[in-house]
Amino acid sequence: SVFRIVEITQTPSNSRLWEVQLTITDKSDPQLAGLTDCIKEEIDGRGWHRMGQLMLKVGHFDQAEELYNELLNGASTDSDIAYIYHQLGVMNYHQGKYQEAIKFYEKSLKVNEQILSPNDPDLASMYNNIGGVYNDMGKYSKALEYYEKANKIFEISLPPTHPWLASSYNNIGLVYNSMGEYSKALEYYEKSLEIREISLPPTHPDLAGSYLCFAGCYEKMQDYTAALKALQSAYNIQQKIFQEGNQAFASTFSLLGRVHRSLKEYSKALSYFEKCLAIDRKALPEKHPHLGIRYSNIGDVHRLMGDYERALVFHQKALNIQENVKCNPLERATTYMNLGETYREMKDYTTALTYYQKGLKIREEKLAKTHPDLAVIYHNMSKLYFTTQKYSMAMKYVQQAVEIGQEKLSSTHPHLVQYRETFQKISKKQ
């Protein structure tokens, strides 16, 4: 049976007990019917193939791998072989094994390119998957290359309101967001949301995903009011369709933590980051790259709260993952930068500079020369050199930060304001 929650109230006699009023619902409920139909479409196929998809959906990766290897041994057609390689790619991707994921996706793509027409949507889906892995690895130009290949096919072969086209636009937006091109990212997010609002039921998870993308972009642009509004929209949907503790909430809690950290509401930020970590620990392998991000975020909040000892503990946990598994090197660069900030505030300037330089090396290799994240680390290094009275070096780095900020940020953006203030302060010392 399926029930709809009507009301949840705390019992007056015992604060630890809650009373939940439920009403039974059935297929005549249009909201439930719409969501059920979409889920049926997402878990398609027959027999063991459908079982494999369900295993991946619920995170039973070991069982899924065993099943797909058995199916691969018995596969008799090229289309079956391509499909199984694809599913093995999906499985490895969700476990954070990005190199393995690409290997299986490329095997599937090679077979599909021989049996499908050049404009087949299934071929575009393969390009999308490969683009997604490259995006998570921080290889943004490669990601954009594959996403645009997919988008070109989708625009030719699908109706203008097809959900796959919406996902394609959303993926391109994600890459532009990672590249620091926030206006372009918002443009593609808008295209995606417009389609999803037409083609999907109002409680579909992909709608929540769109709102999370907007929130992430607004957070980077420091428009925290817009970010919180988008996060609330995402959370409202997720509460209706997922149980408490579902992994879907992890991204929402992570973004809420980032926004509240930026608003200097550190207790709230820490609470959200810890909720996110608790969810991921249950759902992911202990060396998954996402856990490295969670530890680094928690460490940074402890730094901001002045608890440097705990900050160092969590940053080291992050590095134990990020330095030992294949992951996006930019995530490791962020941890190095956070460690640099921690040691700078502890007045251990030599160690701080070592970590800044490690982070800077990665960011300069992986990001465009005018990426806003480069300006952040240039500014941090400038502050370090200013404190140690090396004013010429301080001026060199703050000038780079200001130049990027003037090109990429609005004139009132808080980061650019800070860069200019630091520039003025250093100028007085020269």
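Roughly what angle does helix 308-322 make with the longest principal axis of the chain, taking Cα atoms, 0 to 90 degrees, to the nearest 10?
Long axis of 308-322 versus the principal axis of the chain: about 50 degrees.
If I histogram all Cα-Cα distances within segment 255-341 using bins 5 Å wide from 0, what percent of pairs lands in each bin?
Using 5 Å bins, I get a P(r) of 3, 17, 27, 26, 20, 7, 1 for segment 255-341.
Starting from the exponent 0.38 and prefactor 2.2 Å, build the expected Rg for segment 314-427 from its residue count and divide its actual Cα Rg by it.
1.06
How many Å² of accessible area per residue for segment 370-429, probe 1.4 Å?
Result: 49 Å² of accessible area for each residue.
Accessible area per residue for segment 291-338 in Å², computed with a 1.4 Å probe and the full protein assembly in place, what is it?
37
For Met346 and Lys369, what does the FRET efficiency come to when R0 = 35 Å and r is the distance between their Cβ atoms, rounded to the nearest 0.05? Walk me through the numbers before you get to the answer.
Values: r = 31 Å, r/R0 = 0.89.
Here the calculated transfer efficiency is 0.65.
Among Gly74, Gln87, Val402, whose Cα lies farthest out toward the positive end of the dipole of the chain, if unit charges sit on the beta carbon of Lys, Arg (+1) and Asp, Glu (-1)?
In the chain, that residue is Val402.
In whole Hz, what ³J(HN,Hα) sequence does segment 250-261 give by Karplus (6.51, -1.76, 1.60; θ = phi - 60°), x for Gly and Pro?
4, 5, 5, 5, 4, 5, 4, x, 5, 5, 5, 4
By how many degrees, 0 to 90 and rounded to 10, does the Cα axis of helix 98-115 deviate from the longest principal axis of the chain?
Its long axis makes an angle of about 50 degrees.
Setting aside same-chain residues fewer than 8 positions from Lys240, which lysines have a Cα under 26 Å from its Cα?
Result set, ordered by chain and number: Lys27, Lys40, Lys57, Lys191, Lys229, Lys268, Lys275, Lys282.
So if the hydrodynamic radius of segment 370-429 is defined as the Kirkwood radius over C-alpha pairs, what does Stokes-Einstein give as its diffusion coefficient at 37 °C and 0.692 mPa s, in µm² per second?
Translational diffusion coefficient: 300 µm²/s.
Tell me the label-point distance for the pair Asp62, Gln114, using the 7 Å Cα-to-Cβ offset, in nm and rounded to one decimal.
Those two pseudo-labels are separated by 3.5 nm.
Grab the DSSP H runs of the chain that are 4 residues or longer, score each as -39,500 (n - 2.57), total them, divide by all residues and round the 222 nm result to the nearest 500 deg cm²/dmol.
Taking each H run of at least 4 residues, the total per residue is -25000 deg cm²/dmol.
Given a 1.4 Å probe and the protein chains all in place, what does the accessible area of Ser28 round to, in Å² to the nearest 10?
100
At a Förster distance of 60 Å, what's the computed FRET efficiency of Ser392 paired with Asp26, Cβ-Cβ distance as r, to 0.05?
Taking R0 as 60 Å, the efficiency between Ser392 and Asp26 is 0.20.
Cα axis of helix 182-199 to longest principal axis of the chain: angle in degrees, 0 to 90, nearest 10?
So the inclination is approximately 20 degrees.
Which value, in debye to the nearest 20, describes the size of the charge dipole of the chain about its Cα centre when Lys and Arg Cβ atoms bear +1, Asp and Glu Cβ atoms bear -1, and nothing else is charged?
1940
The values are calculated or read from the model by the stated rules, or taken from the named source; none is laboratory data. Bear in mind the structure is a predicted one, so any value in this text is a computation, not a measurement. Ideal geometry is used to build each Cβ from the backbone, glycine not excepted, and the neighbour counts take in all protein chains shown. All accessible areas refer to the heavy atoms of the entire protein, side chains included, with ligands and DNA or RNA removed. Shrake-Rupley method; radii C 1.70, N 1.55, O 1.52, S 1.80 Å.
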